[in-house]
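Data first, discussion second: the structure below is written as structure tokens.
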Amino acid sequence: MTDTRGPQPQYEGYATGPLPGEREPAPGPSGPYHPPQAYQAPGGGTQGGQQRPGQGGGTLGGAQATRKPRTGARTTPRTRKARLRVAKADPWSVMKVSFLLSIALGICTVVAAAILWMVMDAMGVFTTVGGTISEATGSNESNGFDLQSFLSLPRVLIFTSVIAVIDVVLATALATLGAFIYNLSAGFVGGVELTLAEDE
């Protein structure tokens, strides 16, 4: 097969120079490309064997420059606040807490009643009041009402214990019912909002 196009011109400029659309290389010694940096490079602030213009000789890992305190800085403690909302109260947890608190209150009631009876008996209140009532209610056939035997310590403790047990049952039931009522009302109005503050 014969080539009929004839002799073709040789573009020797393309062999040594840039192609069309390319930049000509910058004159000077060729070396690795180093992108510009915002901070000084470690090791004396040099890069590629020469120091960049506009940069000093200080190192980044060396002594840091002393920061001057701002004159307008706030020295008073700042208080952080947060608004929280009690959206729901768990009836089971309310019942457990109210049950324990009512038991503690019942025990305190029994102990307080016993201490009060001992103090009044030591002061002679039952003897004085009991003698007055016996004289007022007595007759020739009987000595009247004996207050001191009626308000004895075992009887007072039994009566106080019964009242404490009733209080435990009522307080637990009312607290649980109150949790249900609060959940219903919180669904309409959103619940109770609390503002908590923290001092730094």
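Note the full-extension length gain between GLN148 and GLU135 as 0.36 nm times their separation in residues minus their Cα-Cα distance, in nm to one decimal.
Once the chain is fully extended between GLN148 and GLU135, it gains 3.3 nm.
Using r as the Cβ-Cβ distance of PHE188 and ARG78, and R0 as 35 Å, what FRET efficiency do you calculate, to the nearest 0.05?
Once the sixth-power term is evaluated, E becomes 0.45.
Under 5 Å between amide hydrogens, which residues at least 5 positions from VAL192 or on another chain qualify, with H placed 1.01 Å from N in the peptide plane?
Excluding prolines and chain starts, which carry no amide H, the hits are VAL86.
Starting with the highest mean, order 173-179, 188-194 by the number of other Cβ atoms within 10 Å, averaged over the residues of each peptide.
173-179, 188-194
How big is region 106-200 by Rg and Dmax over its Cα atoms, in Å?
Here Rg and the maximum Cα pair distance are 24.0, 81 Å.
Only the coordinates and a few stated rules stand behind these numbers; no lab work does. Everything numeric here is computed off the predicted structure, so don't read it as measured data. Virtual Cβ from ideal backbone geometry, glycine too; neighbours counted across all protein chains shown.
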